[in-house]
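Encoded as structure tokens, here's the structure I'll be asking about.
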Amino acid sequence: MPAAVAVPERGTRVRVPFGERVLTGVVVGAPDGAGVAGPLRDILEVLDDEPVCPPELLATAERVADRFFASTGEVLKSALPARLPAKGAVRYRITDRGALAAASAAPEERAILDRLARGEALRVLDLPSGGGARRQVLRALEERGWVRTAGSARRSVRRRDLAYEAAPRRGEPADRALGRSPRGRAALAWLSALGRPASAEEIRAATGAGKTVLDGLVSRELVRAFELERPSGGVAAAPAASRFASTPAQGAAIAPIVAAVRERRYFPALLEGVTGSGKTEVYLQAIRAALDAGRGAIWLVPEIALTPVFARELARQFPRDAAVLHSALSERERAEAWDRVRAGVARAVIGPRSAVFAPVRDPGLFVIDEEHDASYKQRESPRYDAREAAALRSRACDAALVFGSATPSVEALNAAHHGRLAHLRLPERIAARALPSVTLVDLRRETARPEEKGVPLFSGALVVRLREVFARGEQAILLQPRRGYAPFLLCRDCGHDFRCRQCSVARTVHDRGRTLLCHYCGERMTRPVGCPDCGGGVLEAIGAGTERVADRFAEAFPGVPHAILDRDAARRPGGVAGVVDAMQRGEVACLIGTQMVAKGHDFPGVTAVGVLSADSLLHFPDFRAAEKTFQLLAQVAGRAGRGDSPGTVHVQTFHPSHPAIRRAAEHDVEGFAAAELEFRRTFFYPPFSELAAILVSAEERGKAEEAAAALGRALAAEKAVRLSGPAPAPLERLQGRWRFQILLRAPDRRAVLAALEAAVPERAPAGVQIAVDVDPQDLL
């Protein structure tokens, strides 16, 4: 290491030569080379004044890497923002005050000011003096306003949000001005009782009144509207929130969590609450306790789409402490949020999976909302699970750990049954609202239209129910698990299904039938006029995705406003948040979507839910297929009846007697879990075993098969594990690569990791890739 470079601390970023490139790395060990395999390289530059990755977080990254057969470097790369500014790479400019004061400055200050006076923005390393002394002088100059970092004078762009408050009455009585608007009356009464301004989302959640109703109240001068400012990249600064009155069940759940936070005691708990039971309020009270105790909190949500809704609530409760971290932020916004958290300015962080690595100081609480959701497991390297990462970190920090769900994973329920998690329950909805009634519609008894090929899209009972709902001005949700227009295009003459050239799957029909798209590699083609195999001209889109459902909905319910919420919505103007907000405001009467419509949304106006195809997940080659089906049906059913009007759910299925579907219709979490756990015990699946999946791939099928066979032989020598495979993966070819799969099962994680360490080569054969997924959440 060059003599001019100070010995860096653990967690500090450095720049090092790597072949002909210069790369950025994070210091994880002593620089003397002890225990290091391979050549050592000089550090060219230390990028940070203090560790960008605090010691506690660095230790968590190392433990996560060990648990998931990954490298610490991979975990750190996933955890840190890609473009986090380097303290040593920050560029400085001289200010007008600095230019005027240069003549009277001390010699070491004048040397820097004279260098900056040439008009350039320069890095610290380009300035006179050296080492720590130079940085101390710069800090002193910056404090006096004689220099500034380049770009720091930019004014932040500000966005605006509306808030509302009851207006004092002058003139005609409110009753006469309200007319015949029950939701207007409810909104005005609620605002008058509240005694403070409230956001549109709060009013919608409390009364069901959307933007149209509120605009009407404003025009009648019954309510005043005003704007709230927020900085770009921040969270809306809403009015301060009053503390809510918890129900007895909420109070019983909150008490042990708060006690653990205050006593600095590791406390893992499962918060099982039916949909609409007030789990969010429990989270917020626990976060308040952590902040009041001088500690921090991290709140994980499964989808980026859910982050804005909950982030606004977090900012409303804790306006000075809230921060958002997720990959949809710009690189600059994410880096700024990271720095706010690392500096201790923001102590409450919300975000999806990667937010588990937020550098919160002294974290006292970790909340994993919708803990059953498979999206907490990262599918690309490093394949870590944020739920387990949170458990590792909370144990090390003596923090409370809350797993929340209406449909907990069978692993979490099993842990609670055996005392490894405290089992906290919210058995009823807020205000004793009833759970929705569920009707199973047997599609075998429904008549399909000719173009539906025996699979009815809308059953008669569902159509009748939707007409009732829309006639009353209420809202509905329709779940169709497939996006696009149709799952595939078929030649009726020869059976050609237009499979992707790179993947062993059919292309999905998109753009109302005009485009064929592979969802795995992105290969796209325009729908052909004729079949490339036989020349036939009878090409038919088979099945229905969300686009086709929307077309059929518009045909069946003309004039009823609807919107689609699926992965494609993120690419449309306004994105997912725009669709959700439109539904919240009442501008959309029916939300049509994939699994995304089931994830945590609170739409008080929704009184009907229709599941168009409940069987789609049942046939997946995955031991969790039944569990995923149960959770999806129970979660989407829970979107109905969360306001004052009761809800109904119609579940369309060809298998009405299947246990997962029947138990979901009965809201029977315990009954389903008991049967599922017995199945898992019989076949030695988690939670009664630890599982790892190894995927061996290559562009040549023979090469992939040969490498998988060699790896299988090496693993067979490890007697502590049970081996399945190698065999072709369920999706045998993806993105031009042939794939073979090997499954390992053992009674504990140590045995699985030891077998992997002994058998998986450090370097795969030329042209072969070996991917290891410890505790996989799907086996496709």
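The values are calculated or read from the model by the stated rules, or taken from the named source; none is laboratory data. Computed from a prediction, not measured in an experiment: that's the story for all the values here. All Cβ positions, even for glycine, are placed from backbone atoms using ideal geometry, and neighbour counts span all protein chains on display. Ligands, DNA and RNA are stripped out before the accessible areas are found, and what is left, the full protein with its side chains, is counted by its heavy atoms. Shrake-Rupley method; radii C 1.70, N 1.55, O 1.52, S 1.80 Å.
Evaluate the relative contact order of the chain (contact order divided by residue number), counting alpha-carbon pairs under 8 angstrom at least 6 apart; express in whole percent.
Numbers: 1527 pairs, mean separation 82.3, N = 780.
Here the relative contact order equals 11 percent.
Where Rh denotes the Kirkwood radius from the mean inverse Cα pair distance, what is Rg over Rh for the range 489-549? Don't jump to the answer; show the numbers that get you there.
On the way: Rg = 11.0 Å, Rh = 11.8 Å.
Radius of gyration relative to Kirkwood radius: 0.94.
Using only the alpha carbons, work out the radius of gyration and Dmax of the range 647-691 in angstrom.
Calculated on Cα positions, Rg and Dmax stand at 13.3, 40 Å.
Among the aspartates and glutamates, select those whose C-alpha is under 12 Å from the C-alpha of Lys599, and discard any that sit fewer than 8 residues away in the same chain.
Within the straight-line cut-off, Lys599 pairs with Glu303, Asp369, Glu370, Glu371, Asp373, Asp566.
How much of Trp146 can a 1.4 Å solvent probe reach, expressed as accessible area in Å² and rounded to 10?
40 Å²
Something else now. Which pairs in the list Lys77/Lys377; Lys453/Lys628; Lys377/Lys628 are over 21 Å apart, alpha-carbon to alpha-carbon?
Lys453/Lys628
As a check on your grasp of the helix formula, calculate [θ] at 222 nm for the chain: sum -39500 (n - 2.57) over DSSP H runs of n ≥ 4, divide by the residue count, round to the nearest 500. Mind dumping the intermediate values first?
On the way: 23 runs with 251 residues, N = 780.
Result for the chain: -9500 deg cm²/dmol, rounded to the nearest 500.
Check the straight Cα-Cα distances from Lys703 and name the lysines below 28 Å, setting aside those fewer than 8 residues away within the same chain.
Filter leaves Lys719.
Cα atoms only: what Rg and Dmax, in Å, come out for the chain?
Computed over the Cα atoms of the chain, radius of gyration and Dmax are 29.0, 93 Å.
Show Arg624, Arg97 ordered by accessible area, largest first, where the area counts protein heavy atoms only and the probe is 1.4 Å.
Details: Arg624 10, Arg97 150 Å².
Most to least solvent-accessible, the answer reads Arg97, Arg624.
Which FRET efficiency value, to the nearest 0.05, do you get for Glu9 and Ser192 by plugging their Cβ-Cβ distance into 1/(1 + (r/R0)^6) with R0 = 51 Å? Before the final figure, lay out the partial values.
Working: r = 57 Å, r/R0 = 1.12.
Computed FRET efficiency for Glu9 and Ser192: 0.35.
Now, a different point. Tell me the Kirkwood radius of the range 247-308: reciprocal of the mean inverse pair distance over distinct alpha-carbon atoms, in Å. Could you put the intermediate results ahead of the total?
On the way: mean 1/r = 0.0792 Å⁻¹.
Taking every pair of different Cα atoms in the range 247-308, averaging 1/r and inverting gives 12.6 Å.
Summing Lys, Arg as +1 and Asp, Glu as -1, what charge do residues with Cβ under 13 Å from the Cβ of Val75 carry, Val75 excluded? Don't skip to the end; give the middle numbers.
Working: positive: Arg63, Arg67, Lys77, Arg353, Arg383, Arg393; negative: Glu62, Asp66, Glu74, Glu380, Asp385, Glu388.
After counting each charged neighbour, the total is 0.
Also: Starting from the amide H of Val52, placed 1.01 Å from N in the peptide plane, find each other amide H under 5 Å away whose residue is 5 or more places distant or on another chain.
HN-HN under 5 Å from Val52: Thr12, Arg13.
Non-local amide H neighbours of Arg499 (under 5 Å, H modeled in plane, Pro and chain starts lacking H): which ones?
The list, which skips near neighbours in sequence, is Arg507.
Something else: For Phe688 and His418, calculate 0.36 nm times their separation in residues minus their Cα-Cα distance, and state this gained length in nm to one decimal. Numbers along the way, then the final one.
Values: separation 270, 0.36 × 270 = 97.20 nm, distance 1.24 nm.
Extra length from Phe688 to His418 when fully extended: 96.0 nm.
Another question about this same structure. Apply the Debye scattering formula to the range 339-434, with a single equal point scatterer on each alpha-carbon and no solvent, then give log10 I(q)/I(0) at q = 0.14, 0.15 Å⁻¹.
-0.61, -0.69
At q = 0.18, 0.19, 0.28 Å⁻¹, what base-10 log of I(q)/I(0) does the Debye formula yield for the range 587-652 when every alpha carbon is treated as an equal point scatterer in vacuo?
Relative scattering, expressed as log10 I(q)/I(0), comes to -0.66, -0.72, -1.31.
If you don't mind, another one. State the cysteines of the chain left without a partner when partners are defined as other cysteines whose beta carbon lies under 4.7 Å away.
Those would be Cys53, Cys397, Cys521, Cys590, since no other cysteine Cβ in the chain comes under 4.7 Å of theirs.
Based only on the alpha carbon positions, what is the Kirkwood hydrodynamic radius of the range 270-356, in angstrom?
13.3 Å
Top to bottom by accessible area (1.4 Å), largest first, where do Ser104, Ser724 land? Each step should come with its number before you reach the end.
Working: Ser104 95, Ser724 40 Å².
I get Ser104, Ser724, largest accessible area first.
Ok, one more. For the range 262-272, just list the computed ³J(HN,Hα) in residue order, Karplus coefficients 6.51, -1.76 and 1.60, θ = phi - 60°, integers in Hz, with x standing in for Gly and Pro.
5, 8, 6, 10, 5, 9, x, 9, 9, 9, 9
May I ask you to compute the full-extension gain from Asp362 to Arg115, defined as 0.36 nm times their residue separation minus their alpha-carbon distance, rounded to one decimal in nm?
Details: separation 247, 0.36 × 247 = 88.92 nm, distance 4.11 nm.
Difference between extended and current length: 84.8 nm.
Would you mind computing Rg(Cα) / (2.2 N^0.38 Å) for the range 319-383, counting N as its residues?
Values: Rg = 12.4 Å, N = 65, 2.2 N^0.38 = 10.7 Å.
Normalised by 2.2 N^0.38 Å, the Cα Rg of the range 319-383 equals 1.15.
Using the crude model of +1 on Lys and Arg Cβ and -1 on Asp and Glu Cβ, and no other charge, please compute the dipole size for the range 695-780 relative to its Cα centre, in debye to 20.
Details: 12 positive and 12 negative charges, 32 e Å.
I would put it at about 160 debye.
Amide H to amide H under 5 Å from Glu690: which residues, 5+ apart in sequence or cross-chain, H placed 1.01 Å off N in plane?
Placed amide hydrogens put Ala746, Asp748 under 5 Å from Glu690.
For the range 643-743, what is the convex hull (Cα atoms) projected area averaged across all directions, in square nanometres?
On the way: hull surface 42.5 nm².
One quarter of the hull surface, i.e. the mean projection, equals 10.6 nm².
Hey, rough spin-label estimate for Val345 and Ala225, points 7 angstrom out along Cα→Cβ, what's it come to in nanometres?
Between Val345 and Ala225, the simple spin-label model gives 3.2 nm.
Any idea what Rg and Dmax come out to for the range 569-625 if you just take the C-alpha atoms, in Å?
Using the Cα atoms of the range 569-625, the pair Rg, Dmax is 13.9, 40 Å.
Roughly speaking, what is the centre-to-centre gap between the range 307-356 and the range 423-457 when only Cα atoms are used, to the nearest Å?
Value for the Cα centre distance between the two parts: 36 Å.
Could I have the simple spin-label model distance between Ala99 and Thr515, label points 7 Å from Cα toward Cβ, reported in nm to one decimal?
Calculated label separation equals 5.2 nm.
Also, quick follow-up: Using θ = phi - 60° and the Karplus curve 6.51 cos²θ - 1.76 cosθ + 1.60, what whole-Hz ³J(HN,Hα) does each residue of the range 491-497 get, with Gly and Pro shown as x?
Computed from phi, the couplings for the range 491-497 are 7, 6, 8, 10, x, 4, 10 Hz.
Stretched out fully, how many nm does the piece from Glu540 to Arg144 gain, at 0.36 nm a residue minus the Cα gap? Don't jump to the answer; show the numbers that get you there.
On the way: separation 396, 0.36 × 396 = 142.56 nm, distance 7.27 nm.
The Glu540-Arg144 span can extend by a further 135.3 nm.
Further question: Rounded if a/c is under 1.5, else prolate if a/b beats b/c, else oblate: with a ≥ b ≥ c from the C-alpha gyration tensor eigenvalues square-rooted, which is the range 395-538? Present the calculation step by step, with values, prior to reporting the outcome.
Values: a/c = 2.99, a/b = 1.58, b/c = 1.89.
Because a/c hits 1.5 or more and a/b fails to exceed b/c, the range 395-538 counts as oblate.
Expressed as a fraction of 2.2 N^0.38 Å, the rule-of-thumb size for a compact globular protein of N residues, what is the C-alpha radius of gyration of the range 251-404? Working shown, then result.
Numbers: Rg = 14.1 Å, N = 154, 2.2 N^0.38 = 14.9 Å.
That ratio works out to 0.95.
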